[in-house]
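A.B. asks: The structure follows.
The values are calculated or read from the model by the stated rules, or taken from the named source; none is laboratory data. Computed from a predicted structure; not experimentally measured. Quick reminder, even Gly has a Cβ in these numbers, built from the backbone with ideal geometry, and neighbours come from all protein chains shown. Note: areas computed on protein heavy atoms with side chains; ligands, DNA, RNA excluded. Shrake-Rupley method; radii C 1.70, N 1.55, O 1.52, S 1.80 Å.
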Amino acid sequence: MFGALLRAGIGLEADNQAARERHITKHPWLHRVRLHYIWTALHLGIAVTGVVLTAVIALSPAR
């Protein structure tokens with residue numbers, strides 16, 4: 001509320017809207033993907049890789 005009063009006259013809303021439109025036209029797929037999904041997929045990929053490698057090591061014959 002108070003922050004809106006401080007920035008009311010400097011045109012940040014127009015600059016933000018213009019930047020958002022440039023970003024959407026330059027990276028249309030990235031605008032639709034939530035960052036949470038990217039981080040979740042990254043962590044799941046690391047966890048699955050760890051489980052697979054653990055299983056490979058546990059099931060491999062001893063030398």
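A.B. asks: So which residues in segment 32-47 are in a helix (DSSP H, G or I), open to solvent by less than 90 Å² (accessible area, probe 1.4 Å) and not hydroxyl-bearing (S, T, Y), if there are any at all?
C.D. replies: Taking segment 32-47 as the starting set, the residues that turn out to be in a helix (DSSP H, G or I) are 32, 35-47.
So of that shortlist, the ones also open to solvent by less than 90 Å² (accessible area, probe 1.4 Å) come out as 38, 40-42, 45, 47.
Matches in segment 32-47: I38, A41, L42, G45, A47.
A.B. asks: One residue is enough: does segment 20-31 have a residue meeting the conditions of a type in the set (F, W, Y), at pLDDT below 90 and loosely packed, with under 10 Cβ neighbours inside 10 Å? Don't jump to the end; show me each part of the working.
C.D. replies: Step one: of segment 20-31, the residues of a type in the set (F, W, Y) are 29.
Adding the requirement that they be at pLDDT below 90 leaves 29.
Still in the list and also loosely packed, with under 10 Cβ neighbours inside 10 Å: 29.
The answer is yes; a qualifying residue exists.
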